[in-house]
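Below is one structure, written out as structure tokens; comments come after it.
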Amino acid sequence: MNHTTQRRYAIVGTGSRARMYTRALTGAHRRHGVLVALCDTNATRMAVHNRIVAEAGLDPVPAYPADAFARMLTEQAVDEVIVCTVDHTHADYIVAALEHGADVVTEKPMTTDLDGLGRIERARERTGGRVTVGFNYRYNPVHRRVRELIAQGAVGEVGSVHFEWMLDLRHGADYFRRWHRDKANSGGLLVHKASHHFDLVNWWIGARPEEVYASGRLFFYGEENGRRHGVAADYERGHGAAAADADPFALHLADSPDLSALYLEAEHEDGYRRDLNVFGPGITIEDDMSVLVRYDTGARLSYHLTAYAPWEGYRLAVTGSRGRLELDMVEFDRTVAGPTEENPVRGMPAPKEDTTSRLVLRRHWSAPEEIEVEVGGGGHGGGDTAMLDALLGRLDDGIRPDHADGGNALLTGLAANASMASGAPVRVADLLAGKGA
Ligand SMILES: NC(=O)c1ccc[n+]([C@@H]2O[C@H](COP(=O)([O-])OP(=O)(O)OC[C@H]3O[C@@H](n4cnc5c(N)ncnc54)[C@H](O)[C@@H]3O)[C@@H](O)[C@H]2O)c1
């Protein structure tokens, strides 16, 4: 079903990620929805978004401070809110939007703790509003093919999943430069980042997590590790620091007019520094994590996330009663220090445009069968474009991740965090009952 009526969208959290939605609503998806308002704690960043609106030939939209969110919903008769704020604030905005009678698209993770999860579930039950979680990786064509093959029984009943994800020295490092580095903001990478990956596994094998054991540590980034490995440089932040010039881990905001406008020129309002030294103090998240999950189907997952790898991509193997499906995905085969023609901003992760994948089905007693799938263009292997088409075009494609999917992905991460803290396996039911959190 394809609806063509225009919905009235507001965006809360007008940082980097939100630009994708601002561009979509003022460009390719203009016929589906109209952007009617922006909301953020930082007026400078909202003005950057309004410049995107103006470049699309439209009038600027009203920009509301964060404490006027409820007023914005009423004054602008908002139908749907797109939440792109710092992770730990998602739940407040999701609940307030639902209570107002609006639907929500929230960036992942849906929230960062059990309290937020409970509040979202109760608000949803009370209001009947719809919450969609921006798990764009589901929309990547290769990932859709993996799901189809498993659903068609290509490997039989799934016994286990092995999943290793590598973030490289630029992308991985980026989580250690800003708010993500504080677990209170992001829930750590098992919530912030792995929620994508745990959602994919839940979706691929049609299962929910029951028990989780995890072990992780901060091994590479941070003050002490940087010194121990001989990679630390002595400065607080990249911008304006002579010592950052020769450091391949430093982000240089001034190299980019976009980053300068969004962050450097917005700092005077809230002191948000986007370019802290990844080998500086104050990091409370892990960069190397192993997780074992038992699902309600009986399937097992062994998962590993590394945030300091020399290349970026992932390896997946799904082994079942009739065979094994293997996916090798290379997003960057090497990480280059310093500026390049494609990526002139020193320290910034480059857009992933040369992704290659190899999907192989190995049935019992048979020769390996290579499965051709075209990797899509644009962000996240085509996932972003396809997700926007589905979400803003309101397609009934059966993929749209909802609040329950957001919750199941989050629960794996929260149980993993609880397990890392206690050293023991954590049952999701116990976590929800307030035991073992
Ligand atoms: N799905 C993906 O692939 C993907 C990619 C990048 C980011 N994200 C998600 O998007 C969200 C934003 O990430 P980002 O990289 O754009 O971060 P960012 O730091 O660039 O932007 C965050 C914005 O939130 C604003 N903000 C902070 N606290 C607020 C509050 N209490 N009320 C209103 N606004 C507030 C900040 O001023 C800033 O403008 C995160 O949840 C992140 O997980 C998802």
Exercise for the section: Using per-residue counts of other Cβ atoms within 10 Å, averaged over each peptide, order 113-124, 225-236, 277-288 from highest down. Expected result: 277-288, 113-124, 225-236
Problem - Leading residue at positive end of dipole, the range 1-157 (Cβ point charges), from Asn136, His88, Leu114 - result: Asn136
Practice task
Specify which residue in the list His268, His239, Phe249 is farthest towards the positive end of the charge dipole of the range 223-270, using unit charges on the beta carbon of Lys, Arg (+1) and Asp, Glu (-1), about the Cα centre.
Solution key: Phe249
Fill in the blank from the handout: Along the dipole axis of the chain (charges at Cβ: +1 for Lys and Arg, -1 for Asp and Glu; origin at the Cα centre), the most positive-end residue among Leu305, Val375, Leu361 is Leu361
Problem - Relative contact order (%) - the chain, alpha-carbon pairs under 8 angstrom, separation at least six - result: 21 percent
Problem - Rough spin-label spacing in nm, given labels placed 7 Å along Cα→Cβ, for Tyr272 and His100 - result: 1.8 nm
Exercise for the section: Let me know the shape class of the range 208-303, please: from the alpha-carbon gyration tensor, a ≥ b ≥ c as square roots of the eigenvalues, rounded when a/c is under 1.5, otherwise prolate if a/b is greater than b/c, or oblate. Expected result: prolate
Problem - Separation in nanometres of the label points that stand 7 Å from Cα toward Cβ, at Ala243 and Lys435 - result: 5.0 nm
Exercise for the section: Restrict the search to the range 280-350; then list the trypsin sites (Lys or Arg not before Pro) that DSSP places in a loop and that have at most 12 other Cβ atoms within 10 Å of their Cβ. Expected result: Arg334
Exercise for the section: Could you work out how far the C-alpha centroid of the range 326-364 sits from that of the range 22-90, in angstrom? Expected result: 32 Å
Handout entry: Under 17 Å from the Cα of Lys435 - aspartates and glutamates, other chains or at least 8 residues apart
Key = Asp113, Asp115, Glu210, Glu211
Exercise for the section: Give me the net charge of Arg217's neighbourhood, meaning all other residues with Cβ under 12 Å from the Cβ of Arg217; Lys, Arg count +1, Asp, Glu -1. Expected result: -4
Problem - Note, ³J(HN,Hα) from phi for the range 332-348, Karplus 6.51, -1.76, 1.60, rounded to Hz, x at Gly and Pro - result: 9, 7, 7, 10, 9, 7, x, x, 10, 4, 6, 9, x, 8, 4, x, 7
Practice task
About the Cα centre of the range 223-270, how large is the charge dipole given +1 on each Lys and Arg Cβ and -1 on each Asp and Glu Cβ? Please answer in debye to the nearest 20.
Solution key: 300 debye
Handout entry: Within the chain: Cβ-based charge dipole about Cα centre, in debye rounded to nearest 20 (Lys, Arg +1; Asp, Glu -1)
Key = 880 debye
Completion exercise
Cβ-Cβ cut-off under 13 Å around Ala66, Lys and Arg +1, Asp and Glu -1: the net charge is -3
Handout entry: Cα-only radius of gyration and Dmax that characterise the chain, units Å
Key = 21.4, 65
Problem - Candidate lysines - alpha carbon under 19 Å from Lys108, same-chain residues fewer than 8 apart omitted - result: Lys183, Lys193
Practice task
Could you order peptides 215-223, 169-177 by the average number of other Cβ atoms within 10 Å of their residues, highest first?
Solution key: 169-177, 215-223
Fill in the blank from the handout: HN-Hα couplings for the range 279-284 via Karplus (6.51, -1.76, 1.60; θ = phi - 60°), in whole Hz with x for Gly/Pro, come out as 10, x, x, x, 8, 10
Problem - Ranked packing of 356-368, 381-393, most packed first, by mean Cβ within 10 Å - result: 381-393, 356-368
Exercise for the section: Can you check what the net charge comes to around Leu253, using other residues whose Cβ is under 15 Å from the Cβ of Leu253 (Lys, Arg +1; Asp, Glu -1)? Expected result: -1
Practice task
Apply the Karplus parameterisation 6.51 cos²θ - 1.76 cosθ + 1.60, with θ equal to phi minus 60°, to every residue of the range 247-252 and state each ³J(HN,Hα) to the nearest whole Hz, in sequence, with x for glycine and proline.
Solution key: 8, x, 8, 7, 8, 10
Handout entry: Fewest-first ranking of Phe332, Phe198, using other Cβ atoms within 10 Å as the exposure measure
Key = Phe332, Phe198
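Throughout, read-outs are computed from the coordinates displayed, never taken from laboratory work. In this text the structure is predicted, and so the values were computed from the model without any measurement. Here Cβ is always computed from backbone atoms with ideal geometry, including for glycine, and neighbour counts include all displayed protein chains.
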